[in-house]
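Read through the structure below, which is laid out as structure tokens, and then see the notes.
The values are calculated or read from the model by the stated rules, or taken from the named source; none is laboratory data. Computed from a predicted model, the values in this text were never measured in an experiment. A quick note on method: Cβ atoms are made from the backbone with ideal geometry, for glycine too, and the neighbour counts reach across all protein chains shown. The accessibility values were calculated without ligands, DNA or RNA, using every heavy atom of the protein model including side chains. Shrake-Rupley method; radii C 1.70, N 1.55, O 1.52, S 1.80 Å.
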Amino acid sequence: MAAQQSDQFKKVIAHCKEYGFIYQSSEIYDNLSAVYDYGPYGVELKNNIKQYWWKAMVQMHDNIVGLDAAIFMHPKTWKASGHVDAFNDPLIDNKDSQKRYRADVLIEEYMEKIEKKIDKEVAKAGKRFGDAFDEQQFRETNDRVLRNQQKFDEARDRLAKAMTDGDMEELKNMILEYEIACPESGSRNWTDVRQFNLMFSTQLGNIAGEEGKLYLRPETAQGIFVNFLNVQKTTRQKLPFGIAQIGKAFRNEIVARQFIFRMREFEQMEMQFFVAPGEEMKWYEYWKEARMKWHKALGTPDEKLRFHDHDNLAHYANAAVDIQFDFPFGFKELEGIHSRTDFDLSQHQELSGKKMQYFDPEKQESYVPYVVETSIGCDRMFLTVMSQALQEETVPDAKGKDSTRTVLKIHPALAPIKCAVMPLLKNREELTSKATEIFNDLRFAFSCQYDEKDAIGRRYRRQDAIGTPYCITVDFDTLEDNTVTIRDRDTLEQERIPIDQIEKIVREKVSMKQLLKD
Ligand code: ATP
């Protein structure tokens, strides 16, 4: 299974490059690690993901408005938010390989191995007992499973406590006790664990020293917090209301692996929802459900998405859950929903000396609102869409023989190109001019491509590979009766439709309306 999964992951990465979705940054200089550029189809898909999120959050909610704050913020922002003092990862070096790791990740990987051992044991027993197998009973009574489960639980609890307490010594002890070896050198020759701040910093030109030190924002949320009253007053919103923002964030990740899953420069789509104190849990539940629905509307199967409660809460949160997706390398965080209390606004109030309070006309009192946030990485969403969409299928070729096709079954509303227009033959002027005429009209409505090169079957395959949901073919009948064939990417069915109906038919299928209604 694992091998199969990593195989799929390799295919996703290769496909992204080959078809112009994603390139490594500065490739001609042998890459800048964990930084990526989006190519012509990648930028279209990414824009569509952002648009789907923006419409679902801002357009569909009377009480959510947008914001586009700057990346640079006053340095005190990051003192107030806790990022200067607490936005750290525990780092450890292996003295033999000189490789650097996140101590918590090493322990998590150790735990994953235990989990796999348990699963293997259960699967083996399942095979042995067949239909009579009672998995729950087996898990509760089998000695080996119980022992491993105990090991797992103990490691999980110790890790959560050590992370919450910032206890670096305990992390080192765990790595030694669990006999965790460096994946590179195989040795257990470790340095001490130390905290490593994840913020990138730079320097203002006109102010020397610490005073002029600026940070690249590690999250978009703080731009929203510091503007909370500006937005509330200028839009006359009443609680509860939200502010949504899409923008770049930067983190000096120690272990940046897994393609666009963990990058040093990435994009976030965040929404902070301001509520009266005491109402945060109600809204936390509301946003949990709402965000899960947003994912499922895309057709992602239920078993590929799950909630995962945080074992250790961040310094600002009183409840936190992740929406995890079953990436080709396993279930991992795609989105976070956090109840951040009044932590951020209170901190900004204290450090700035400016009131960050809302006057509640019903209660006739002022208070610092509580915040529930939803925070999703646009790039992780991109990876989710790609890993879900990329498929290989056996389909009949033009001569009816089996052939393999690579197809991106992206939801039509997110597809980079909505429709391709093709003349059946390239060297017949009457066909190419008609097809060009149709293309030049359709491009006003949505992103289209005109393609006349190679045999029609190959052109279809090219469009399949970039996820184009519809292909329009102009043939000799078109010249007689003004109809074209429209080919469906997923069913491969071809239908004849009048030219003047193309726009309406395609528009209906690729519009975000249905997606938003779902
Ligand atoms: P992780 O535990 O994976 O490091 P996190 O809990 O630090 O993530 P948050 O601070 O909650 O992440 O950020 C919100 C979202 O931003 C995440 O759910 C993820 O989708 C995205 N994100 C965070 N860090 C990165 C990164 N380095 N590269 C790409 N996306 C990221």
Exercise for review: Go through the stretch 265-290 and give me each residue that's near the ligand (Cβ under 9 Å from one of its atoms) and either closer than 12 Å to Thr374 by Cα or surrounded by fewer than 19 Cβ atoms within 10 Å (Cβ to Cβ) (or both).
Suggested key: Glu265, Gln268, Met269, Glu270
Review point. If we keep just the residues of the stretch 372-408 that are within 16 Å of the ligand (Cβ to nearest atom) and either without any contact (Cβ under 8 Å) to a residue 40 or more places away in the chain or in a strand (DSSP E or B) (or both), which is farthest from the chain's Cα centre (by Cα)?
Key: Val372
Practice item. Go through the stretch 236-252 and give me each residue that's surrounded by fewer than 18 Cβ atoms within 10 Å (Cβ to Cβ) and near the ligand (Cβ under 10 Å from one of its atoms). Key: Asn252
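Yes/no matrix, rows are residues, columns are (1) modelled with pLDDT of 95 or more; (2) not basic (Lys, Arg):
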position: Met60; (1), (2): yes, yes
position: Leu91; (1), (2): no, yes
position: Glu108; (1), (2): no, yes
position: Glu112; (1), (2): no, yes
position: Lys161; (1), (2): no, no
Review point. Residue check, Ser346 against (1) open to solvent by less than 70 Å² (accessible area, probe 1.4 Å); (2) within 16 Å of the ligand (Cβ to nearest atom), all met but one. Which one?
Key: (2)
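Counting just the residues of the stretch 323-343 that are near the ligand (Cβ under 9 Å from one of its atoms) and open to solvent by less than 10 Å² (accessible area, probe 1.4 Å), which one comes out farthest from Tyr370 (Cα to Cα)? Steps first, please.
Of the residues in the stretch 323-343, the ones near the ligand (Cβ under 9 Å from one of its atoms) are 323, 332-336, 338.
Still in the running and open to solvent by less than 10 Å² (accessible area, probe 1.4 Å): 323, 334-336.
Numbers: Ile323: 22, Leu334: 24, Glu335: 20, Gly336: 17 Å.
Going through the qualifying residues, I end up with Leu334.
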Exercise for review: Determine whether Glu210 is assigned by TED's automatic domain parsing to the domain that holds Gln364, within 26 Å of the chain's Cα centre (by Cα), more than 13 Å from the ligand (Cβ to nearest atom) and open to solvent by 10 Å² or more (accessible area, probe 1.4 Å).
Suggested key: no
Review point. Which fully enclosed helices (runs of 4 or more DSSP H) of the stretch 1-106 have 2 or more residues being open to solvent by less than 10 Å² (accessible area, probe 1.4 Å), under 30 Å from Val231 (Cα atoms) and in contact (Cβ under 8 Å) with a residue 12 or more places away in the chain?
Key: 40-54, 76-80
Revision key, fill the gap. Among strands (runs of 3 or more DSSP E) entirely within the stretch 418-482, at least 1 residues that are modelled with pLDDT of 95 or more and small (Gly, Ala, Ser) occur in 419-423
